[in-house]
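Here is the structure we will look at, set down as structure tokens.
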Amino acid sequence: MLTSKQRAALKSIAANTETILQVGKGGIGDQLVKQVDDALAARELIKLHVLESAPEEPGELAQALAGATGSQVVQVIGRRLVLYRKNPKKPVIVLD
């Protein structure tokens with residue numbers, strides 16, 4: 001579980017991070033879960049954009065993706081969401 005201090009640090013990093021994935025009308029499928037999982041393994045912190053055509057609200061999608069990938073929701077702002085999962089072998093982001 002993230003502390004508020006850790007969450008704030010991740011939010012500041014995410015502010016300068018590019019959006020790398022989109023969730024569209026297909027919602028959360030096996031392919032999207034695999035892409036998110038791979039991206040989290042490589043980067044630890046990723047930003048996604050939820051298109052208007054997505055079947056669920058961004059908050060619901062964030063929770064579902066976090067559950068499917070073992071990650072944590074850092075924030076949901078509008079149609080953007082940020083997920084974090086520490087890489088146990090080679091951490092990229094060091095949190096206090």
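The values are calculated or read from the model by the stated rules, or taken from the named source; none is laboratory data. Note that this is a predicted model, so its numbers are computed, not measured. So basically every Cβ, Gly included, is an ideal-geometry build from the backbone, and we count neighbours across all protein chains shown. The accessibility values were calculated without ligands, DNA or RNA, using every heavy atom of the protein model including side chains. Shrake-Rupley method; radii C 1.70, N 1.55, O 1.52, S 1.80 Å.
Give the angle, between 0 and 90 degrees and rounded to the nearest 10, that separates the Cα long axis of helix 4-15 from the longest principal axis of the Cα atoms of the chain. Helix 4-15 and the main axis of the chain meet at about 60 degrees.
The lysines within cross-link reach of LYS47, meaning a Cα-to-Cα straight distance under 17 Å and a gap of 8 or more places when in the same chain, are LYS11, LYS34, LYS86.
In this simple spin-label model, placing a label point 7 Å from the Cα along the Cα-to-Cβ direction at both ILE20 and GLN63 gives a separation of 2.6 nm. Could you check how much of the accessible area of the chain is carbon and sulfur, as a whole percent, using a 1.4 Å probe? Answer for the chain is 51 percent, counting heavy atoms of protein chains only. For LYS25, the aspartates and glutamates whose Cα comes closer than 15 Å to its Cα, not counting residues fewer than 8 places off in the same chain, are GLU52, GLU56, GLU57, GLU60. Label reach from LYS86 (point 7 Å along Cα→C-beta): in the range 1-31, amide nitrogens under 14 Å belong to 1-7, 10. A helix-only calculation puts the chain at -12500 deg cm²/dmol for mean residue ellipticity at 222 nm, using -39500 (n - 2.57) for each DSSP H run of at least four residues, averaged over all residues. Accessible area per residue for the range 3-96, computed on protein heavy atoms with a 1.4 Å probe, is 58 Å². Working from Cα pairs under 8 Å separated by at least six residues, relative contact order for the range 18-96 is 33 percent.
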